Amino acid sequence: MLARVSAALTWLGRQALPLRCLVCEEPGSAGLDLCAACHAALPWNDHACPLCALPLPEGTPARCCGVCLHDPPRQAAAAAAFLYAAPVDQLLRRFKFHHDLAAGRLLSQLMLQRVPGFVIGPLAPVPLHRQRLRTRGYDQALELTRPLARALRQPLWCGLHRDRLTSAQSALDADARRRNLHDAFAITTPPPARLTVVDDVMTTGATLDAAVHALQRVGLPDPAVWVCARVP
Ligand SMILES: [Zn+2]
Ligand SMILES: [Zn+2]
């Protein structure tokens, strides 16, 4: 009951607050905390490799990139709504490191504007280790995924767990990231037959690779990967 009252109050609060662009503070538009000009300038990642989500050179056919051709990644498909560039990078940092949940909500709403065709079935957020969750207070991938699952009417699958506390990925190079993440994930319940793993940012892809690998070890052949932003 209390939860329902609190949800209703939050909803009322949102109706009462005018929409405001989280980037430039002009009035928001189209039901978003983003103005039309900032929306028009978003770094969408529309022309990208379907396996690793890296942007492809303009004018080239939309097929898998040279790297994936020679060394295909574990996931069956990958898509990133955006390139990790302004203003999405700032919104992601505010969401991840400064408790700006409004920025997270906006990013989810924007991801829903370009849902990849492979997103059929449950969505699985890449989890934080519980120790990091304690210090941060919330799990950004879960906060991003929850509204996506709700809007797409798909279940949220939370069977992926961080087994080990890994060092912060951002300070490591690609090889070190992979070693750091080896066996970092455990699966606690049998996964559904189709699954899309969701995360905020894909940098080298090592974290998602480790999550996909963990799923494949328990018999899920072809998980897909969907992120908010791809670091080119
Ligand atoms: Zn704006
Ligand atoms: Zn590729």
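Peptides 78-85, 107-114, 40-47 ordered by packing proxy, namely the average of other Cβ atoms within 10 Å per residue, highest first: 78-85, 107-114, 40-47.
Beta-bridge orientation, the chain: approximately 25 percent antiparallel, per DSSP, counting only bridges with both partners inside.
The peptide list 147-158, 199-210, put in order of mean Cβ contacts within 10 Å with the highest first, becomes 199-210, 147-158.
For Phe82, nonlocal amide neighbours, meaning residues 5 or more places apart or on other chains whose placed amide H falls under 5 Å from its own, are Asn45, Ala229, Arg230. Values of log10 I(q)/I(0) for the chain across q = 0.17 Å⁻¹ run -1.35, by the Debye formula with one identical scatterer at each alpha carbon and no solvent. Per-residue 3J(HN,Hα) values for region 213-226, derived from phi via the Karplus relation 6.51 cos²θ - 1.76 cosθ + 1.60 with θ = phi - 60°, read 4, 4, 5, 5, 5, 9, x, 8, x, 9, x, 10, 10, 9 Hz in sequence order (x marks Gly and Pro). Extents of region 76-121, largest first, come to 32, 20, 17 Å (Cα atoms, principal axes, whole angstrom).
Mean residue ellipticity, 222 nm, helices only, the chain: the sum of -39500 (n - 2.57) across DSSP H runs of n ≥ 4, divided by residue count and rounded to 500, is -10500 deg cm²/dmol.
On full extension, the segment bounded by His99 and Arg134 gains 11.3 nm, given 0.36 nm per residue less the C-alpha separation. Placing a label point 7 Å from the Cα of Ala174 along the Cα-to-Cβ direction, the residues of region 56-88 with a backbone N closer than 13 Å are 66-73.
Remark: region 147-158, residue by residue, has Karplus-estimated 3J(HN,Hα) of x, 5, 4, 4, 5, 8, 6, 10, x, 8, 10, 10 Hz, where x stands for each Gly or Pro and the curve is 6.51 cos²θ - 1.76 cosθ + 1.60 at θ = phi - 60°.
Since every read-out is calculated from the coordinates, none of them should be taken as a lab result. Just so we're clear, the structure is a prediction, and the values are computed from it rather than from any experiment. Don't worry about glycine lacking a Cβ; one is built from the backbone with ideal geometry, like all the others, and counts go over all protein chains shown.
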